Amino acid sequence: MLWINRIVGAAIIVAAFPLWQLAAAFPAEARQFPRFTLAAIVVLAAIMIARSFVASVEPVRDGEGARTTVSLVRPLAVFALVVLAVVAMRFVGFFPAMAVLALLFMPLLQVGNRAAYGLACASLLVFIYVLFVAFLGVPLTASRYLTF
């Protein structure tokens, strides 16, 4: 199943190009963070692809479960949910979209301790709000249908 790592890695790298161009519309200071993040993601995707070709570091089980076609469902479902959450951010804002994404991830990740998971997700959202909205003034609460 290492070919799925190659496909996902290549898809991430290809998706980074239009996002890089999209960041060009921001002012000089504002485009640095998304471009740095994209560059880091592309480097990690390239490492994932390269690692899948090296037999000595090839894992026996690479976290996708049994080596069957059915084992593709979980990583592809996670990818689809993330894409839908990114699209939903435009309409409902970052925080509601991420809260729903966290809830939808619970069965996919087979969360055992729901209280700890909920506390971790809530803490992360509060941290993101304080850092980006309160201190940096990033309009993460802006959306098409909901206003805060």
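The values are calculated or read from the model by the stated rules, or taken from the named source; none is laboratory data. Everything numeric here is computed off the predicted structure, so don't read it as measured data. Methodologically, a virtual Cβ is constructed for each residue, glycine included, from the backbone with ideal geometry; neighbour enumeration extends over all protein chains shown.
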query: Among the residues of region 35-47, is there at least one that is closer than 21 Å to VAL87 by Cα, at pLDDT below 90 and surrounded by 15 or more Cβ atoms within 10 Å (Cβ to Cβ)?
result: yes
query: Under 6 Å by Cβ, and 6 or more places apart or on different chains, what pairs join a residue from region 20-47 that is without any contact (Cβ under 8 Å) to a residue 12 or more places away in the chain with one that is surrounded by 13 or more Cβ atoms within 10 Å (Cβ to Cβ)?
result: ARG31/ALA23
message: For GLN110, only one of the following conditions fails: (1) farther than 23 Å from LEU19 by Cα; (2) surrounded by 12 or more Cβ atoms within 10 Å (Cβ to Cβ); (3) at pLDDT below 90. What is its number?
response: (2)
Test: LEU101 is in contact with a helix residue (DSSP H, G or I) (Cβ under 9 Å, 6 or more places away or on another chain) and either at pLDDT 90 or above or in a loop (DSSP other than H, G, I, E, B) (or both): yes
